[in-house]
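**Student:** The structure's right below; bear with me while I get my questions together.
The values are calculated or read from the model by the stated rules, or taken from the named source; none is laboratory data. What you see is a predicted model; the values in this text were computed from it and never measured. Every residue, glycine as well, gets a Cβ built from its backbone with ideal geometry; the counts of neighbours run over all protein chains shown.
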2 protein chains.
Amino acid sequence: MKNGPDIAAVGALVGDPARANMLTSLMSGQALTATELAREAGIAAATASGHLAKLLEGGLLLVERQGRHRYYRIAGPDAATAIEALMGLVEHAGHRRVRAGPKDLEMREARVCYDHLAGARGVALFARMTSLNLVVLHDGSITMTQKGEQQFRRFGIDIVALKAAKRPVCRTCLDWGERRTHLAGSLGTMLLDRFFENTWMHRLEGSRVVKFTPSGEAAFATLFE
Amino acid sequence: MKNGPDIAAVGALVGDPARANMLTSLMSGQALTATELAREAGIAAATASGHLAKLLEGGLLLVERQGRHRYYRIAGPDAATAIEALMGLVEHAGHRRVRAGPKDLEMREARVCYDHLAGARGVALFARMTSLNLVVLHDGSITMTQKGEQQFRRFGIDIVALKAAKRPVCRTCLDWGERRTHLAGSLGTMLLDRFFENTWMHRLEGSRVVKFTPSGEAAFATLFE
DNA sequence: CGGTTGCTTCGGTCAAAACCGAAGCATTGA
DNA sequence: TCAATGCTTCGGTTTTGACCGAAGCAACCG
């Protein structure tokens, strides 16, 4: 039976623990060098190189040469979505990691999910946006309201540009820690960008963990009110 | 780096060609016996049994014993969504199957995608629903309109029940043949159910291919007008 | 220029798992 | 109760591919 796309190839790529670690590391959205990824996966540089070549050929990653470094990153929203879907499925199916260290707790609190805010704070933000009627969650699909458009524009986001682009403005993303929805899509990206610009929060060096600054904590609490 | 869910385990499951074939076969939504799946994957019964045990333990499949048969099916919408995401990604990344036989052409025309209609006809249906303003595609998210609700109710679908359930009513699903969106979600499921009940179309034995009846062809052409 | 760093290619080792046939267990039907 | 069918478990073989160290390129740095 040889129908449909060759799903096994991608599955095999994601199926190796070393490669899976690389991919989850890259889900922060930032590009990493081959050596960094090798360290991340806990393997020798030679081995990592082989893995990266396969991920490249499989279309999951892209490279960019910069001097003698090679920066790898997730190929695009498609790849990121598929990986997210796998993460969501895994969480549902109950394959937990054994360890739940301090880093894990920080991750649950606030982290970058590819390019938007996730974790308890991401879920809370989305909940506030819903209760203030800035967006409407209609049976699994998010729609922005008029009131929402105004607020986001006031917050410095170019709504017109977002709508003009091909990428969905609002998308749901299932949080693997909270098991609740948070906001993805280009609006999610822009919001996180603004948060960083305003130094309300910053990313922990080489990690997906996001830490709030004191001023950010205050500003975030009354956002959109 | 051991953060996040263990994505590698699921990846490895999907990564074996035999298992991937089983999964894609089961994406038709119908349950299949172990022997059928073995034939589908082109392996001995003994080998298939081992694979199925792994898929079960991994939470991707469910079994139901019926007499001396064991019917396996996809565990649920979560698993189906993840597999669909992989299929979409694969198609985008350009891993095509080499072969494009007659069965493949039929599949591109009309097929069952887990539980809803896909292929050229599925895409066409969704396009008509959009142009008639029954649903609105707003930046990647589908919303049902008032007019749509009326039409669907008239077509014999219990909209109230759909909205009450947890499952999203409308979801987009990227068609791997057409590279365009078609309708998934519970509304997609109910529509296909009605089509079968009305004998507008029927599924080809043991396949995902859907064939239209002459009367169905006519009725489908003027649906919702 | 050497020397250093970042990355890849090569060759060889080793462990995981896919695979099958045969035997075993359970269910059905005569 | 005995055969037939559907499926799983068991042993043993074979393939796959993950892994590392060493060597080879390429780019930057003094």
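**Student:** Among the residues of region A:35-82, how many are part of a loop (DSSP other than H, G, I, E, B) and either within 10 Å of chain B (Cβ to nearest Cβ) or exposed (fewer than 15 other Cβ atoms within 10 Å of the Cβ) (or both)? So that I can check it myself, show each step before the final result.
**Tutor:** Let us first name the residues in region A:35-82 that are part of a loop (DSSP other than H, G, I, E, B), namely A:42-44, A:58-60, A:67-68, A:75-76.
From what's left, either within 10 Å of chain B (Cβ to nearest Cβ) or exposed (fewer than 15 other Cβ atoms within 10 Å of the Cβ) (or both): A:42, A:44, A:58-60, A:67-68, A:75-76.
Residues meeting the conditions: 9.
**Student:** For region A:18-34, give me each residue that is within 11 Å of chain B (Cβ to nearest Cβ) and near DNA strand C (Cβ under 8 Å from one of its atoms).
**Tutor:** Hits for region A:18-34: nothing passes.
**Student:** State whether the residues of region B:6-17 include one that is part of a loop (DSSP other than H, G, I, E, B) and at the interface with chain A (Cβ under 8 Å from one of its Cβ atoms). Steps first, answer last, please.
**Tutor:** Here is the first cut: in region B:6-17, the residues part of a loop (DSSP other than H, G, I, E, B) are B:6, B:16.
Checking the rest, the ones that are also at the interface with chain A (Cβ under 8 Å from one of its Cβ atoms) come to B:6, B:16.
Within region B:6-17, one or more residues are part of a loop (DSSP other than H, G, I, E, B) and at the interface with chain A (Cβ under 8 Å from one of its Cβ atoms).
**Student:** Restricting the search to region A:1-12, which residues are touching a residue at least 24 places away in the same chain (Cβ under 8 Å) and within 14 Å of DNA strand C (Cβ to nearest atom)? Step through it out loud before you land on a result.
**Tutor:** Quick first cut of region A:1-12, residues touching a residue at least 24 places away in the same chain (Cβ under 8 Å) only: A:9-10.
Passing the criteria: none in range.
**Student:** Take the residues of region A:3-49 that are among the small types (G, A, S) and away from DNA strand D (no atom under 11 Å from the Cβ): which is nearest to B:V14 (Cα to Cα)?
**Tutor:** Initial filter on region A:3-49 (among the small types (G, A, S)): A:4, A:8-9, A:11-12, A:15, A:18, A:20, A:25, A:28-29, A:31, A:34, A:38, A:41-42, A:44-46, A:48-49.
Of the ones still in play, those that are also away from DNA strand D (no atom under 11 Å from the Cβ) are A:4, A:11, A:25, A:28-29, A:31, A:34.
Working: A:G4: 14, A:G11: 5, A:S25: 21, A:S28: 24, A:G29: 25, A:A31: 27, A:A34: 26 Å.
Once the filter is applied, the top-ranked residue is A:G11.
**Student:** Shifting gears a bit: For A:Y114, are the conditions met, namely being at pLDDT below 90 and farther than 29 Å from A:C170 by Cβ? Steps first, please.
**Tutor:** Working: at pLDDT below 90: yes; farther than 29 Å from A:C170 by Cβ: no.
No.
**Student:** Filter region A:171-203 for residues that are modelled with pLDDT of 80 or more and among the acidic types (D, E) and give the result.
**Tutor:** If the condition is that a residue be modelled with pLDDT of 80 or more and among the acidic types (D, E), then A:D193, A:E197 are the ones that fit.
**Student:** If you don't mind, another one. Could you tell me which numbered condition A:R68 fails, if it satisfies all but one of (1) within 10 Å of DNA strand C (Cβ to nearest atom); (2) within 15 Å of the chain's Cα centre (by Cα); (3) of a type in the set (K, R)?
**Tutor:** Of the numbered conditions (1) within 10 Å of DNA strand C (Cβ to nearest atom); (2) within 15 Å of the chain's Cα centre (by Cα); (3) of a type in the set (K, R), the odd one out for A:R68 is (2).
**Student:** How many of the residues in region A:50-70 are modelled with pLDDT of 90 or more and within 8 Å of DNA strand D (Cβ to nearest atom)?
**Tutor:** Of the residues in that region, 3 qualify.
**Student:** Out of everything in region B:129-142 that is modelled with pLDDT of 80 or more and surrounded by 15 or more Cβ atoms within 10 Å (Cβ to Cβ), what residue ends up being farthest from B:L223 (Cα to Cα)?
**Tutor:** B:V136
**Student:** Then there is this: Show the residue pairs that are 6+ apart or on different chains and have beta-carbon atoms under 8 Å apart, the first residue being within region A:36-49 and farther than 12 Å from A:Y71 by Cα and more than 9 Å from DNA strand C (Cβ to nearest atom), the second being at pLDDT 90 or above and of a type in the set (S, T, N, Q).
**Tutor:** These pairs meet every condition: A:E40/A:N21; A:A41/A:N21; A:G42/A:N21.
**Student:** Which one of these does A:L61 not meet: (1) out of contact with any Lys or Arg (no Cβ under 9 Å at 6 or more places or on another chain); (2) within 16 Å of DNA strand C (Cβ to nearest atom)?
**Tutor:** Every condition holds for A:L61 apart from (1).
**Student:** Another question, if that's okay. Kindly establish whether B:S25 is touching a residue at least 12 places away in the same chain (Cβ under 8 Å), crowded, with 20+ Cβ neighbours inside 10 Å and not aliphatic (A, V, I, L, M). Quick ask: steps written out before the conclusion?
**Tutor:** Values: touching a residue at least 12 places away in the same chain (Cβ under 8 Å): yes; crowded, with 20+ Cβ neighbours inside 10 Å: yes; not aliphatic (A, V, I, L, M): yes.
So B:S25 passes the test.
**Student:** Also, quick follow-up: For A:R73, indicate whether it is within 8 Å of DNA strand D (Cβ to nearest atom) and charged (D, E, K, R). Give the derivation first.
**Tutor:** Values: within 8 Å of DNA strand D (Cβ to nearest atom): no; charged (D, E, K, R): yes.
When the stated conditions are applied, A:R73 does not pass them.
**Student:** Those residues that are under 20 Å from the mean Cα position of the chain (by Cα) and modelled with pLDDT of 90 or more, I need them from region A:16-33; list them, please.
**Tutor:** Kept after step one, since they are under 20 Å from the mean Cα position of the chain (by Cα), are these residues of region A:16-33: A:17-33.
Residues satisfying the conditions are A:P17, A:A18, A:R19, A:A20, A:N21, A:M22, A:L23.
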